[in-house]
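Worksheet: the structure to be examined is printed underneath.
The values are calculated or read from the model by the stated rules, or taken from the named source; none is laboratory data. As the structure is a computational prediction, the values presented were derived from the model and not from experiment. Cβ placement follows ideal geometry from the backbone for every residue including glycine, while neighbour counts extend to all protein chains displayed.
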Amino acid sequence: MHNLSSKISILVLIAVLISACDAVKKVPSEKHLLTKNKVKVDGKNIKDEAIIEQLVQQPNSSLLGFKLRLHMYNLAKENMDSVFKAKYTNNPEKYARASKWLSQKQVHRLGKSFWYSGWHNFLKKTGEVPVIIDTTKTKRTLKRLKAHYFNQGYFRAKSNYKINYLEKKRATVDYSLTKGEPSFLDTIHKDIESPDLDSLYTLTEKKSLVKQGQQFNDEIVKNEISRLTNYFRNKGVYHFQQQNILFVMDTASLKMPVVIKISDRKIKQGDTTVTQPFKIYKIDKVNIYTNDLATKNQKYYTDSATYKNFNIYSTNKLRYRPKALADAVFIQKDSLFSEERRTQTLRSLSNLRVFNFPNIVYTENPENETLTANIYLTSKDKYGFKANADFTHSNIQDFGISGNTSLSIRNIFRGAETLELGIRGNIGSSKDLANPDNRFFNITEIGSDLRLSFPRLFSPFNTEKIIPKTMFPNTLISAGFAKQQNIGLDKESFTSYINYNWVPSKSTSVKFDLLNVQYVKNINIANYFNVYTSTYNRLNDLAQIYNDDPLILDENGNLTKDEGGADLFIDYALNGLLPNLDINGNDYKIIKSIKERKDRLTENNLIFASNFVYSKTSQTDFFDKQFYSFKSKIELAGNTLSLLANVSNQPKSLDGSRNLFGLQYSQYVKGEFDFVKHWDLKRDKVFAVHSFFGLAIPYGNSQSIPFSRSYFAGGSNDNRGWQSYSLGPGKSGGLNDFNEANMKITLNAEFRFKFFGNFHGALFADCGNIWNVLDSETDEAKIFSGIKSLESLALGTGIGFRYDFSFFVARLDFGFKTYNPSLDTSKRWFKEMALNKSVLNIGINYPF
């Protein structure tokens, strides 16, 4: 009751403070603060964002109905220099008292201090000037509204406005508009002066976006002009520009005849302008000029080659195989000029990563009306070295410092291949890991990598017909070794893969790992119960009940960890050496489950996998706020090794598994689907949703999924009401230190908005969990058994604060456990919605 009263008192106090703020404090007399706009079109209230954007004057922004930035501006005091002088400089007694503990210079500098000047400047800069009604801007709004509907075919729209003056220097504006009858396109004729263009237009006329009978829309006309321009420039019309197309129509008529007028090329000769018909140009020659940075200004070329109609020149000895350069060029001799092929060529040459800013210059050949394509390439240095350091945050590390160095050898086989040798290291801090010495940096990792990239599909077979070079294929072959200390059980890992990438279209990409090998070796298995402390505590509690061997206990009566007491207690229990332990009871099942989990997490993993990833997005650029993207992945592991084990007649162990090279290999199939959708709500507001489904099913040689391929829930990019690895599986309550499973469902929603400046906020809801399915798990609380198991989906809600540094976004999210499936049914909803039970998540950039 006391807490409730305190909360009510705080809310009442906040309400009083807000109501005490005077929104019109800085509105001059006889002026009025704009508080609301109302737009009516044909008698109906309109709230369409596209219409609201036409209003030149908008009311001051608000946050949940409160005009925060306006009140911040109103709090700023004016003429702080005069205030300071009145308080100190013009008051000798106060000035003398201040000078006793500050020097005279410091007293004068107080006027420029943050308290007197800086704070109020901050309020002015961050705040928002009152929006005062201006009739000039109101009339401009009417013109913009009429223009908006004019562009949709309403050429006879009528509009007016009314200002409603209210008390306390406030006012609203009502805009009304009558659209009238729309105009439709009637007959469509063409007027094309150039014969060559007339012939080309006939071939594409049926694909026109402008059709007879449709309502006029300026956007459609603009798109058709853009379409025709691209069409002509990709069909050899080298000099064609958008301004050569004009749509002529009579806006006074409800049925408008349309004339598509395409004029001839205009050429300025001295003070006069002459016209010439457009011509279709073919490519007569393709010249490729290469030079090094040291000789980029050299005019003479000392080496040359010819390959499939490409003339290749070099200022020094030619460093590249002619085929490698020719394969990257899409401009062909005797082909029509094409802007698209020019763009493709520039992109392809840039993807080689061995040239600085490729350039293509066309020159006309007047004698035969053709073009020569000159491609200029300046080689990067053969050797490149780089080093960088980063501050990191991840699901395991609360804070980390990582660094890496790499040596690049470009064009190593004269085919624009790049070999990279890298060394990386990391030190980090995690409060979730065992840290007996209480060190801040309790994580270390060092590794090395060798990567070889090819600007093509590296294959013994010809793949050009299946994956042509217009899809920009490339191959990456990599091998790496890493050693981790104080991360769990300490690990050594070897990874290697052969990866193919290609881009079927601008919006889609494909990745295919022909081979993905991972070998993980645990080198500090004796540290298991130091790392998984929750597991140890559960086992130790049972030992207090059933253990009768004092030799496996420490001086405090607890199971020893490093000396093997915990392991011996498990052996006693599972071998029937504890008389008071019922082998059919629940405690026996718990000990058996702990043993099975320990064996799984301490076993060395050998994974031979192949995977296929398909991604698609509608996002056009970084600034696009309304888009969707999805990614799907399928992975198969262990089938090749299973075939080898069968052929070599490897013996089976008691559980039916086989070993190769002395290791049990993993065998599973894994599928994932990830979808993101963003809606632009305008005025710096975005609504974003995210969904993920993943399932990995062990079979054949495996009864469970390797830890590195399993799923976890919780954390800054997942369900933010729970810490990483602390949610699930199912409704089990996260009993283990690192809870993982082989199935996952995630649903996220986030409303993003702007506070002021670069400071942003978000309201979010995260739903999801992990489960075990079709593996060796026997605990029903962790198993997904059907639709009813969806009751164990956890819900976290919260608020986020973000600051945009332009090149990245720093993020703080406070998550609350809104629905916790691990609690009793009557306590699942809203029982943990308290600040002291919230989870603080620190992240970089947006979670999805």
field: Condition met for T778 (closer than 22 Å to Y699 by Cα and among the hydroxyl-bearing types (S, T, Y))
entry: yes
- prompt: Considering R828, R811, which residue is outside the structural domain of S534 (by TED's automatic domain parsing), surrounded by 17 or more Cβ atoms within 10 Å (Cβ to Cβ) and without any contact (Cβ under 8 Å) to a residue 12 or more places away in the chain?
  reply: R828
task: Could you tell me whether any residue of the range 461-468 is in contact with a Ser or Thr (Cβ under 9 Å, 6 or more places away or on another chain), of a type outside the set (D, E) and modelled with pLDDT of 85 or more?
output: no
message: Checking the conditions here, which among V210, V248 is closer than 29 Å to A157 by Cα and exposed (fewer than 14 other Cβ atoms within 10 Å of the Cβ)?
response: V248
message: From the list S509, S505, exactly one residue is farther than 27 Å from N426 by Cα, surrounded by fewer than 17 Cβ atoms within 10 Å (Cβ to Cβ) and not hydrophobic (A, V, I, L, M, F, W, C). Which is it?
response: S505
- request: Give the residues of the range 752-807 that are at pLDDT 90 or above, basic (K, R) and assigned to a strand (DSSP E or B), sorted by residue number.
  value: R752, R802
- prompt: Just a yes or no: is a residue in the range 158-167 within 30 Å of L75 (Cβ to Cβ), in a strand (DSSP E or B) and hydrophobic (A, V, I, L, M, F, W, C)?
  reply: yes
query: Which pairs have Cβ atoms under 6 Å, sit 6 or more apart or on different chains, and link a residue in the range 244-255 that is farther than 16 Å from I220 by Cβ to one that is hydroxyl-bearing (S, T, Y)?
result: N244/S263; L254/S183
- prompt: Going by the structure shown, is I787 of a type in the set (A, V, I, L, M) and more than 26 Å from the chain's Cα centre (by Cα)?
  reply: yes
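Residues are listed down the side, and each one gets a yes or a no for (1) among the acidic types (D, E); (2) at pLDDT 90 or above; (3) part of a loop (DSSP other than H, G, I, E, B):
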position: D684; (1), (2), (3): yes, no, yes
position: S691; (1), (2), (3): no, yes, no
position: A696; (1), (2), (3): no, yes, no
position: W722; (1), (2), (3): no, yes, yes
position: K731; (1), (2), (3): no, yes, yes
position: N739; (1), (2), (3): no, no, yes
message: Going through K491, K483 one at a time, which residue ends up being under 17 Å from N522 (Cα atoms) and crowded, with 19+ Cβ neighbours inside 10 Å?
response: K491
task: Look at R752 and say whether it is in contact (Cβ under 8 Å) with a residue 60 or more places away in the chain and of a type outside the set (A, V, I, L, M, F, W, C).
output: yes
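Is there a residue in the range 800-812 that is closer than 30 Å to K670 by Cβ and among the small types (G, A, S)? Walk me through how you get there before you give the answer.
Start the filter on the range 800-812 by keeping residues that are closer than 30 Å to K670 by Cβ, which leaves 811.
Now narrow it down to the ones that are among the small types (G, A, S): none.
Within the range 800-812, not a single residue is closer than 30 Å to K670 by Cβ and among the small types (G, A, S).
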- prompt: If you check every pair at least six apart or on different chains, which have Cβ atoms under 6 Å apart with a residue in the range 336-352 that is over 17 Å from L476 (Cα atoms) first and a residue that is among the aliphatic types (A, V, I, L, M) second?
  reply: F337/L371; R341/I331; R342/I360; T345/V329; T345/I331; L349/A328
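What about K299, is it on the phi < 0 side of the Ramachandran plot and in contact with an Asp or Glu (Cβ under 7 Å, 6 or more places away or on another chain)?
For K299, the condition - on the phi < 0 side of the Ramachandran plot and in contact with an Asp or Glu (Cβ under 7 Å, 6 or more places away or on another chain) - is not met.
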- request: Could you look through the range 760-803, keep only residues that are of a type in the set (S, T, N, Q) and in contact with a strand residue (DSSP E or B) (Cβ under 7 Å, 6 or more places away or on another chain), and pick out the one that is nearest to S838 (Cα to Cα)?
  value: T797
- request: Among the candidates E596, E563, single out the residue that is in contact (Cβ under 8 Å) with a residue 60 or more places away in the chain, surrounded by fewer than 17 Cβ atoms within 10 Å (Cβ to Cβ) and within 51 Å of the chain's Cα centre (by Cα).
  value: E596
- line: Considering only strands (runs of 3 or more DSSP E) wholly within the range 231-308, the ones with at least 1 residues that are small (G, A, S) and under 28 Å from R321 (Cβ atoms) are 303-307
- prompt: If you go through the range 396-407 one residue at a time, do you hit one that is at pLDDT 95 or above, among the aromatic types (F, W, Y) and either in contact with a helix residue (DSSP H, G or I) (Cβ under 6 Å, 6 or more places away or on another chain) or not assigned by TED's automatic domain parsing to the domain that holds K299 (or both)?
  reply: no
task: Looking only at the range 313-322, decide whether some residue is touching a strand residue (DSSP E or B) at 6+ places or on another chain (Cβ under 9 Å), more than 23 Å from Y281 (Cα to Cα) and in a strand (DSSP E or B).
output: yes
message: Condition first: at pLDDT below 95 and small (G, A, S). Now tell me which residues in the range 615-648 satisfy that.
response: S618, G638, S642, A645, S648
Subset of the range 259-282 that is of a type in the set (V, I, T) and in contact with a helix residue (DSSP H, G or I) (Cβ under 9 Å, 6 or more places away or on another chain) - its residue that is farthest from F310 (Cα to Cα): I260
query: Of all strands (runs of 3 or more DSSP E) completely enclosed by the range 574-681, which ones contain at least 3 residues that are in contact with a strand residue (DSSP E or B) (Cβ under 7 Å, 6 or more places away or on another chain) and aliphatic (A, V, I, L, M)?
result: 605-617, 627-637
task: May I ask you to say which residue of G728, G733, G757, G761 is small (G, A, S), in contact (Cβ under 8 Å) with a residue 40 or more places away in the chain and crowded, with 22+ Cβ neighbours inside 10 Å?
output: G728
